[in-house]
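Worksheet: one structure, shown below.
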Amino acid sequence: LIIIMAGKKFILFGQDLDLVIAVIGNVLSWIVHRFFSSYLPYLLPTIPEEDANASNNNNTNNQTKCIAISRPGGKEQLRLITLKPGYATCGYNVGDGGPFVQTSKDEELPPNTVVVRIHAFSINYADCCIRWGLYESANAFVGWPIVPGFDIAGIVERTSRGSDFQVNDLVYGATFFGAYSTRVLVPQNQLRKLPSNLSLVQAASLPAVSLTALYTLYLGGQYDPKATTNNTTTMDNSKNQTSQQTQTPPSSILIHSCAGGVGSMLVQMSKILQLKPVVGVVGRTSKVEAAQALGCDVVIDKSCEDLWKAAEEASSNGLYTVIADANGVSTLAESYRHVAPSGRLVIFGFHTNLPMGGDLLHPFNWFRMGWKMSQMSKFDPMDLVTANKSVLGFNLSFLVDQMDMLTMLCDQIMEEWIPSAQLECPRIVEMEDVSEAHDLIQSGRSVGKIVISTKNW
């Protein structure tokens, strides 16, 4: 084996070492689960911060419990553990990068941070990628072990000096990993007070998907956070932004997977910002009604109609100002072809590149994934110039250094649109078993958001 260092990444046989480790770990999990299931416990490395005596102790209610993943693999890695007294989970932008941090009363908290007792958190498809070892920011900033999850809702348990929050405040927000937990340390600018029109379960469904959706519209040129003022209502802002261009037709948008978490937010925000038509795409007939209820002007059910023929018919010129695509290889090429001149293709995921269905860890799936990656669209810079199109991509978990921008987006969503009921929660499936939740979101059958309650942990 020859391992060399290229920049900050280790390369093995021409491949990113993290990817090689992920493939080996997942194939090993499949082999052991399929042929030697009694040996599965040996695939669960110990974690130094874990309280090894917790199972023999009936008085662990005040200790943090979390789902920790020790290495890439299957659902057997989703292990509920009890941390030693005084520990909580945290994001990679807190302390030394997590995943665990001391928050006992004899330890001073970092400035401008809050300890939140989590009542609910949500499941994102990204969490499955984290477990597989295929989520680059998780590998780059945390490594193993890791506590996945971004969305939290709960009660403030402790604050640092000078915090804007008080103990017992009900809050919701986001953490850069560490949400699958009963207690997390999080910077206060990543939290907002719970509005009266939301429950904690509802609130836990919103932060990551709503921020992803609004950042998509920002990159798509449809939202300018600097145009908002504290004394102007959001609906008025959206009207002002569009009224300045009264001579131009409204921007059109095509939203793939519009009944999912991010998609449902994109549809609603597009309506608030007066884009037209708002065309949503679903992959199952059972999701059409939900997409219509969100406010889509046109819903395309690609399971029973030609997606691109229908998309051309739904737009006045067959093209779109913005196309929001998290599918990956299955739609990227045609999405680009259907972007209008001066339009933008915004990419924030690659779901169809990854294994879906029940037998997720079969070794053949990983060869298939490699083949799909080789078929990914490649965009010619000269064509971008002559066609006057833009292709943009992002992953919010890398944007810690853009907290000023993310704070403005949070304010728009959590201080304006949600309290005023302009933006509603996605459809919620409340569950208690994280393993079953991963099964559901991997299957592609879920609609809206899956939220986990920690009340029985």
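The values are calculated or read from the model by the stated rules, or taken from the named source; none is laboratory data. Just so it is clear, the structure is predicted and the values come from calculations on it, not from any experiment. Neighbour counts are summed over all protein chains in view; Cβ atoms, including those assigned to glycine, are modelled from backbone coordinates with ideal geometry. These accessible areas exclude ligands, DNA and RNA; they are computed on the full protein's heavy atoms, side chains included. Shrake-Rupley method; radii C 1.70, N 1.55, O 1.52, S 1.80 Å.
Tally the residues that are open to solvent by 10 Å² or more (accessible area, probe 1.4 Å) and touching a Phe, Trp or Tyr at 6+ places or on another chain (Cβ under 9 Å), restricting the search to the stretch 111-125. Steps first, please.
Pass one, the stretch 111-125, residues open to solvent by 10 Å² or more (accessible area, probe 1.4 Å): 111-112, 117, 119, 124-125.
Still in the list and also touching a Phe, Trp or Tyr at 6+ places or on another chain (Cβ under 9 Å): 124.
The number of residues fulfilling the criteria is 1.
Give the residue that is farthest from the chain's Cα centre (by Cα), with candidates limited to residues of the stretch 73-93 that are buried (at least 24 other Cβ atoms within 10 Å of the Cβ) and assigned to a loop (DSSP other than H, G, I, E, B).
It comes out as Gly73.
Each row is one residue, and each column tells you yes or no for (1) open to solvent by 50 Å² or more (accessible area, probe 1.4 Å); (2) not hydrophobic (A, V, I, L, M, F, W, C).
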residue: Leu28; (1), (2): yes, no
residue: Leu43; (1), (2): no, no
residue: Thr46; (1), (2): yes, yes
residue: Ala52; (1), (2): yes, no
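Show the residue pairs meeting these rules: Cβ distance below 7 Å; 6+ apart or different chains; first residue within the stretch 85-106 and without any contact (Cβ under 8 Å) to a residue 24 or more places away in the chain; second residue of a type in the set (Val, Ile, Thr).
Pairs that qualify, where the first residue is without any contact (Cβ under 8 Å) to a residue 24 or more places away in the chain and the partner is of a type in the set (Val, Ile, Thr), are Gly86/Thr103.
So Ala203 ticks every box in (1) outside any strand (DSSP E or B); (2) open to solvent by less than 10 Å² (accessible area, probe 1.4 Å); (3) within 23 Å of Ala326 (Cα to Cα) but one. Which box is left unticked?
Among (1) outside any strand (DSSP E or B); (2) open to solvent by less than 10 Å² (accessible area, probe 1.4 Å); (3) within 23 Å of Ala326 (Cα to Cα), the lone unmet condition for Ala203 is (3).
Among (1) of a type in the set (Gly, Ala, Ser); (2) over 23 Å from the mean Cα position of the chain (by Cα); (3) open to solvent by less than 20 Å² (accessible area, probe 1.4 Å), where does Ala68 come up short?
The number of the failed condition is (2).
Tally up the residues in the stretch 17-62 that are hydrophobic (A, V, I, L, M, F, W, C), over 19 Å from Phe364 (Cβ atoms) and in a helix (DSSP H, G or I), please. I'd like the intermediate steps shown before the answer.
Of the stretch 17-62, the ones hydrophobic (A, V, I, L, M, F, W, C) are 17, 19-24, 27-28, 30-32, 35-36, 40, 43-44, 47, 52, 54.
From what is left, the residues that are over 19 Å from Phe364 (Cβ atoms) are 17, 21, 36, 40, 43-44, 47, 52, 54.
Going one step further and asking which of them are in a helix (DSSP H, G or I), we end up with 17, 21, 40, 43, 54.
Matching residues across the stretch 17-62 total 5.
From the residues in the stretch 373-402 that are part of a loop (DSSP other than H, G, I, E, B) and open to solvent by 60 Å² or more (accessible area, probe 1.4 Å), which one is farthest from Thr321 (Cα to Cα)? Even if it seems obvious, please write down each step before you answer.
To start, the set of residues in the stretch 373-402 that are part of a loop (DSSP other than H, G, I, E, B) comprises 375-380, 388-389, 394-395.
From what is left, the residues that are open to solvent by 60 Å² or more (accessible area, probe 1.4 Å) are 375, 378-380, 388.
Details: Gln375: 25, Lys378: 20, Phe379: 18, Asp380: 20, Asn388: 11 Å.
So the residue we want is Gln375.
Since Ala293 meets every condition but one in (1) outside any helix (DSSP H, G or I); (2) open to solvent by 30 Å² or more (accessible area, probe 1.4 Å); (3) closer than 20 Å to Ser205 by Cα, which condition does it not meet?
Of everything listed in (1) outside any helix (DSSP H, G or I); (2) open to solvent by 30 Å² or more (accessible area, probe 1.4 Å); (3) closer than 20 Å to Ser205 by Cα, Ala293 misses just condition (1).
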